[in-house]
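Q: Shown below is the structure under consideration.
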Amino acid sequence: MRAVRALGRAARREWGPLWTTVRTALAADRLRAVPMTLAAVALTALVQVVQNRSWGYGPVQTLGSVRAEDPLWAALLRTPLSLFVPALDLPVWGALAQVLLVFGIAEICLGRWRTLLIAYVATLAGTLYARIGIAVGPDGFLGRPGSDALVVDTGPSAAVVALAVCVCWVYRAWFTGGLVIAAMVAEIALKDNLAGKEHLAAIAAALALCAARALRDGRRARHRQGLGEGAGTRSGAPPIKS
């Protein structure tokens with residue numbers, strides 16, 4: 001019984017603030033709390049329907065399919081849409097579920113524009129890693145064989161992984177964040193493919209964004225403290241609002 005109570009306390013510490021934030025937002029606004037997520041799910045579903053039509057496969061590949069062999073300018077232009085192009089060799093319901101759950105939580109907890117930024121940066125990190133890895137070659141550290149240049153690189157998985165890590169960082173869900181990272185490392189150990197390495201690149205990009213925000217917040221806090229001391233603010237006075 002003690003073990004159960006201890007497990008419950010650990011779960012509340014890990015997920016309590018996150019759960020409260022999500023539950024409160026959904027209770028107050030329902031689906032209005034996640035308009036960007038719903039749009040992303042709808043776009044992903046639409047692209048899936050279109051690319052499975054004889055007339056739609058070509059345009060989707062032209063606009064949203066990224067390969068390392070493509071010119072860099074073309075890859076950069078296609079990267080935003082590639083996030084919403086489900087991989088043809090995977091069930092589409094998996095991509096839709098990932099977007100609905102992880103994007104939805106991130107939109108509520110991080111904000112709409114910050115979620116989009118993290119998703120794009122993570123997807124772009126994966127796209128750029130593929131080129132770097134192939135340039136390094138299979139014998140180099142984190143390198144990839146030249147045949148990976150032909151691999152179609154689409155889907156939301158890199159963005160999903162990065163958003164999960166960022167949400168865990170913001171809400172101090174360290175155990176969950178560690179599990180996400182460990183799962184991606186295990187993926188590489190079990191199946192060393194391009195997608196797995198891109199997930200690690202997405203995690204690295206997410207951690208860099210989190211560290212940059214933490215440094216910025218730290219500088220702001222020190223600046224506020226400096227202003228308070230210089231103005232002769234009494235101990236216990238309310239902090240200066242930005």
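Where a number appears in this text, it was derived from the coordinates with a stated rule and is not lab data. What you are looking at is a predicted structure, and each value in this text was computed from that prediction instead of being measured. Here the Cβ positions follow ideal geometry from the backbone for every residue, glycine too, while neighbour counts run over all protein chains shown.
Q: Remind me, relative contact order of segment 2-230 in percent, using alpha carbon pairs under 8 angstrom and six or more residues apart?
A: 21
Q: Which label marks the calculated value of Kirkwood radius over Cα pairs in Å, given the options (i) 24.0; (ii) 19.2; (iii) 20.0?
A: Of the listed options (i) 24.0; (ii) 19.2; (iii) 20.0, (iii) comes from this structure.
Q: How far is helix 194-230 tilted off the main Cα axis of the chain, in degrees rounded to 10, range 0 to 90?
A: The helix 194-230 is inclined about 20 degrees to the chain.
Q: Then there's this: Which net charge results when you count Lys and Arg as +1 and Asp and Glu as -1 among the other residues whose beta-carbon is under 10 Å from that of residue 172?
A: 0
Q: Label segment 22-80 by shape, choosing from rounded, prolate and oblate, from the square roots a ≥ b ≥ c of the eigenvalues of the Cα gyration tensor; if a/c is under 1.5 it is rounded, and otherwise prolate applies when a/b is larger than b/c, oblate when it is not.
A: oblate
Q: Quick one: angle between helix 157-170 and the longest Cα principal axis of the chain, in degrees between 0 and 90, rounded to 10, please.
A: Helix 157-170 and the main axis of the chain meet at about 10 degrees.
Q: If you don't mind, another one. Give, as a single signed number, the net charge of other residues whose beta carbon lies under 13 Å from the beta carbon of residue 40, with Lys and Arg counted +1 and Asp and Glu -1.
A: Result for the local shell: 0.
Q: So, one more: Give the order of 83, 209, 227 when sorted by the count of other beta carbons within 10 angstrom, beginning with the fewest.
A: Lowest count first: 227, 209, 83.
Q: What order do you get for 147, 82 when you list them from fewest to most C-beta neighbours inside 10 Å?
A: Numbers: 147 10, 82 25.
Result, fewest neighbours first: 147, 82.
Q: Here's a follow-up. Where does the charge balance sit around residue 158 when Lys and Arg score +1, Asp and Glu -1, over other residues with C-beta under 11 Å from its C-beta?
A: Charge balance in the 11 Å sphere: -1.
Q: Peptides 191-197, 137-143, 63-69: what's the order by average Cβ count within 10 Å, highest mean first?
A: My ranking of the peptides, most packed first, is 63-69, 191-197, 137-143.
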